[in-house]
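Written below as structure tokens is the structure these notes are about.
Nothing in this text is a laboratory measurement; each read-out follows from the coordinates by a stated rule. Fair warning: this is a prediction, and the values are worked out from it, not measured in the lab. Here the Cβ is made from the backbone with ideal geometry for all residues, glycine too, and neighbour counts use every protein chain on show.
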Ligand SMILES: [Zn+2]
């Protein structure tokens, strides 16, 4: 998504913003007219990502953070293309080129204008300043992440999902990484060897890299879609959503357990619960 957006909006100047549904900017507390006024005339200097957070970097140290929620899509559409049924926000540019549109059926997603603040040699929106680097970040330190992970006193999967330590790992990636490293999701982090900690973080990186590689293929069209990585979900998952199917390593049926209103999928033979 970041790569697709970068190609279409970086270097362009926002002319006007039209908020078609107030819910899409509910995180921007000063409201719709403030939202539009703060964005008009700004130059998009880049599109950045940290973990699951995506933002447009704007002139004068402002950021437009995009939350896509479960169903949000950012589309690049020619001016005059018919409005989508669930169009929530429209961004027009001064060059009269393609518009950026936010379409969201359920409107769980939306935007927020935020200040950029310096955090450890990076410039981050204030709302994102507590989020750790993701393993794809050139400045990510694996040894530091291993140390921080083993210093925690929690269950391994909770620690992997805690975005302050390592970012970008969601429920699906966590289950896949735990299966690759042969670790049960309830393993206490303070009883994890440095070798196993490194293994599970490296596995998470591999899973994310594979997903990003697959997602990249759908960005050549003038259509930037949050679901671009769905091909990966269909074909490459070892455990997530595979309940009852044989483990690709040992043939044991994959099991599902409830986890924080969601599920954990694992192989009961390869990933034994710590005694
Ligand atoms: Zn197995």
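Taking 1.002 mPa s as the viscosity and 20 °C as the temperature, the Stokes-Einstein diffusion coefficient of the chain based on its alpha-carbon Kirkwood radius rounds to 106 µm²/s. Between the beta carbons of residue 152 and residue 122, assuming R0 = 22 Å, the FRET efficiency works out to 0.40 to the nearest 0.05. In the chain, the calculated helix contribution to ellipticity at 222 nm averages -7500 deg cm²/dmol per residue, counting -39,500 (n - 2.57) for every DSSP H run with n ≥ 4.
Within segment 78-119, all pairs of alpha-carbon atoms sorted by distance into 10 Å bins from zero give the percentages 23, 40, 27, 9, 0.
For residue 59, put the label point 7 Å out on the Cα→Cβ axis and report which residues of segment 3-32 keep their amide N under 14 Å from it. Label zone hits: 11-16. Residues 136, 70, ranked from the fewest to the most other C-beta atoms within 10 Å, line up as 70, 136. For segment 66-148, the alpha-carbon radius of gyration amounts to 1.48 times the rule-of-thumb value 2.2 N^0.38 Å expected for a compact globular protein.
Alpha carbon centre of segment 55-69 versus segment 80-148: separation in Å? After rounding, the separation between the Cα centres reads 5 Å.
Here the spin labels are modelled as points 7 Å beyond Cα on the Cα-Cβ line, and at residue 20 and residue 245 they lie 3.7 nm apart. Gain on full extension, evaluated as 0.36 nm per residue between residue 275 and residue 105 minus their Cα-Cα distance, stands at 56.7 nm. In segment 35-92, the C-alpha radius of gyration followed by the widest Cα-Cα span (Dmax) gives 12.7, 34 angstrom.
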